[in-house]
Amino acid sequence: MDHSRVPVLEALEEFRRRGDVAYGPPGHKQGRGADPRVVEILGEGVFRSDVLSLNGLDDRRQSRGIIPQAEELMADAVGADRAFFSTCGSSLSVKTAMVSVAGPGEKLLVSRNAHKAVVSALVVNGVEPVWVHPKFDAERHLAHPPEPDDVRRAFRAHPDAKGMLLITPTDWGSCADIRGVAAVCHDHDVPLIVDEAWGAHLPFHTGLPAWGMDADADLVVTSVHKMGGAIEQSSVFHLKGDRVSPDVLKQREDLLGTTSASTLVYATLDGWRRQMVEQGHDLLEGALRRAERVRAAIGEMPGLRPMGEEVVREGLTAEFDPLKITVDVRELGISGMQATEWLRTEHHVDMGASDSCRISASLTHADDDRTEELLRDALRDLTERAGSIERRPPVRLPQPGDLELEQAVLPRDAFFAEAERVPADRAAGRVAAEMVTPYPPGVPVIAPGEVITREIVDYLRSGLAAGVLIPDAADSSLDTFRVMTR
């Protein structure tokens with residue numbers, strides 16, 4: 001296929017050339033009605049590019065199929081049979097994938113280190129989750145993806161499960177054995193969905209971990225805004241084989257997705273695909289070399305422990321994405337949240353993620369010598385001045401088994417059940433009617449329908465006191481928990 005073509009961008013360019021005047025949405029009319037104070041900050045180009053797909057870029061009666069053309073090019077670029085653009089982020093895409101594989105009351109194997117969007121999908125569609133718990137790294141207090149044997153045991157206990165949802169890479173860079181998990185799923189003649197939100201770059205360089213479509217996955221969701229070159233909310237879900245019907249997938253997306261999709265998102269997805277096909281290998285080669293230099297430099301800084309290929313050698317994970325710079329900061333006597341706050345305040349450096357133990361920075365093809373030097377210098381300064389950072393109470397980290405809560409009620413049933421708030425000291429033993437999610441990385445510690453334990457309450461409340469952000473709890477102070485009424 002001709003990957004120099006960019007159907008969405010070409011249509012937008014033609015729209016501007018024609019000088020069409022639209023008498024429908026958007027109401028700002030290509031920026032003419034936008035507040036000049038807004039335009040001053042956002043720029044005229046944002047509004048000029050905000051055009052309807054139909055009766056704008058395309059014609060409703062004689063559609064030239066601009067978006068399908070762009071999706072076909074995307075599928076070809078990454079080795080998929082079909083690709084579907086989403087302008088609602090992978091939070092929407094993963095919901096679409098899940099409701100295309102399992103329906104209300106049916107079982108789906110789900111990796112428990114799933115983002116809250118996955119748990120939300122369970123609430124929306126009423127699926128019964130069969131949790132497959134991740135491989136816990138006790139030394140780093142970190143969850144790596146589950147292994148094929150974990151999935152095999154889950155299928156043995158639940159042979160009626162309709163498929164599996166696997167999360168890889170994790171927010172911290174560890175990657176699953178996708179091919180091995182796919183083989184287990186296919187032995188049971190069910191599809192493997194891969195939530196590869198952090199993996200949009202993987203198809204374009206052989207030095208990176210395996211890309212789901214190349215490792216026998218059936219349906220792969222990517223967030224191109226995370227590690228690619230498209231704007232926020234840009235997502236693509238990719239399909240291969242016949243275990244998931246493309247017609248069903250499209251219908252489910254139409255059920256959940258917006259009817260007013262953003263051309264800005266479509267255009268940047270289209271342009272990023274062209275860039276990666278034409279220049280991706282060289283751009284990512286530069287990023288990989290840069291990441292290697294940064295990781296080596298951090299490894300020489302006292303008190304910092306960067307994570308790398310040793311987690312593969314130790315058998316904790318199948319692969320590791322080197323563009324994720326994950327650094328344990330506990331030897332500095334501070335938490336990852338404190339390190340992140342300090343770096344932002346003192347150096348205007350915003351980390352990608354942090355928790356009680358570590359910080360993480362994502363390097364992409366967009367980084368350059370200046371950003372590389374800035375990150376190194378900021379971290380070096382952190383090691384030299386960490387002693388001046390106020391100490392906070394430690395987070396009471398739970399044992400690995402304490403994180404594996406009993407799923408007593410379906411997430412959907414618990415979420416919509418009659419509920420009440422109970423004091424934190426009386427929450428243990430009650431069934432949660434809410435999600436409680438430290439963010440980032442956004443993996444719920446408590447999902448609706450799970451039985452709350454004393455250890456989890458202590459963990460969450462001590463984390464909150466130490467600076468963990470928990471935005472979705474009904475009571476942001478965690479003095480009370482929302483539980484099902486007895």
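For beta carbons closer than 8 Å, sequence separation of 6+ or different chains, a first residue in region 384-403 that is closer than 14 Å to Leu142 by Cα and polar (S, T, N, Q) and a second that is at pLDDT 85 or above and surrounded by 13 or more Cβ atoms within 10 Å (Cβ to Cβ), the qualifying pairs are Gln399/Glu455. Glu196: free of Cβ contacts under 8 Å to residues at least 40 places away in the same chain, closer than 28 Å to Arg358 by Cα and out of contact with any Leu (no Cβ under 6 Å at 6 or more places or on another chain), yes or no? For Glu196, the condition - free of Cβ contacts under 8 Å to residues at least 40 places away in the same chain, closer than 28 Å to Arg358 by Cα and out of contact with any Leu (no Cβ under 6 Å at 6 or more places or on another chain) - is met.
On the stretch given as region 134-144, residues that are in contact (Cβ under 8 Å) with a residue 12 or more places away in the chain and part of a loop (DSSP other than H, G, I, E, B) total 4. For the structure I just gave you, tell me whether Ser356 is surrounded by 18 or more Cβ atoms within 10 Å (Cβ to Cβ), assigned to a loop (DSSP other than H, G, I, E, B) and either at pLDDT 95 or above or touching a helix residue (DSSP H, G or I) at 6+ places or on another chain (Cβ under 9 Å) (or both). Criteria met by Ser356. Of all residue pairs spaced 6 or more apart or on separate chains, those with beta-carbon atoms under 9 Å, a first member in region 324-352 that is of a type in the set (Phe, Trp, Tyr) and a second member that is in a helix (DSSP H, G or I) and open to solvent by less than 30 Å² (accessible area, probe 1.4 Å) are Trp342/Leu382; Trp342/Ala386.
Here Ala183 meets the list (1) open to solvent by 10 Å² or more (accessible area, probe 1.4 Å); (2) more than 21 Å from Asp214 (Cα to Cα); (3) in contact with a Pro (Cβ under 8 Å, 6 or more places away or on another chain); (4) not β-branched (Val, Ile, Thr) almost entirely, failing just condition (2).
Among the conditions (1) surrounded by fewer than 19 Cβ atoms within 10 Å (Cβ to Cβ); (2) farther than 23 Å from Lys324 by Cβ; (3) touching a Pro at 6+ places or on another chain (Cβ under 7 Å); (4) not acidic (Asp, Glu), Leu219 misses just one, which is (1). Set side by side, the residues Glu418, Glu373 differ, and just one is surrounded by fewer than 16 Cβ atoms within 10 Å (Cβ to Cβ), within 26 Å of Gly303 (Cβ to Cβ) and more than 21 Å from the chain's Cα centre (by Cα), which is Glu373. Do the conditions hold for Glu310, that is, is it open to solvent by 20 Å² or more (accessible area, probe 1.4 Å) and either under 30 Å from Gly280 (Cα atoms) or modelled with pLDDT under 95 (or both)? Yes, satisfied. Residues that are in contact with a Ser or Thr (Cβ under 6 Å, 6 or more places away or on another chain), within 16 Å of Ile389 (Cβ to Cβ) and among the polar types (S, T, N, Q) are absent from region 342-350 altogether. The set of residues in region 346-370 that are of a type in the set (Ser, Thr, Tyr) and at positive phi is empty.
For region 404-413, filtered to residues that are open to solvent by 50 Å² or more (accessible area, probe 1.4 Å) and in a helix (DSSP H, G or I), the residue that is farthest from Ala138 (Cα to Cα) is Asp413. Considering every residue within region 436-448, establish whether at least one is open to solvent by less than 20 Å² (accessible area, probe 1.4 Å), outside any loop (DSSP other than H, G, I, E, B) and under 25 Å from Ser91 (Cα atoms). So far as region 436-448 goes, yes, one or more of its residues are open to solvent by less than 20 Å² (accessible area, probe 1.4 Å), outside any loop (DSSP other than H, G, I, E, B) and under 25 Å from Ser91 (Cα atoms).
The residue pairs whose first member lies in region 108-133 and is among the charged types (D, E, K, R), whose second member is part of a loop (DSSP other than H, G, I, E, B) and open to solvent by less than 10 Å² (accessible area, probe 1.4 Å), and whose beta carbons are closer than 6 Å, counting only pairs six or more residues apart or on different chains, are Lys116/Thr437; Lys116/Gly442; Lys116/Pro444. Looking only at region 250-284, count every residue that is modelled with pLDDT under 95, among the aliphatic types (A, V, I, L, M), over 20 Å from the mean Cα position of the chain (by Cα) and surrounded by fewer than 21 Cβ atoms within 10 Å (Cβ to Cβ) and tell me the total. Of the residues in that region, 2 qualify. Only one of the numbered conditions (1) more than 22 Å from Ser360 (Cα to Cα); (2) small (Gly, Ala, Ser); (3) surrounded by 21 or more Cβ atoms within 10 Å (Cβ to Cβ) is not met by Gly229, and that is (1).
The values are calculated or read from the model by the stated rules, or taken from the named source; none is laboratory data. Quantities reported herein were computed from a predicted structural model and do not represent experimental measurements. For neighbour counting, all protein chains shown are included, and Cβ atoms are generated from backbone atoms with ideal geometry for every residue, glycine included. All accessible areas refer to the heavy atoms of the entire protein, side chains included, with ligands and DNA or RNA removed. Shrake-Rupley method; radii C 1.70, N 1.55, O 1.52, S 1.80 Å.
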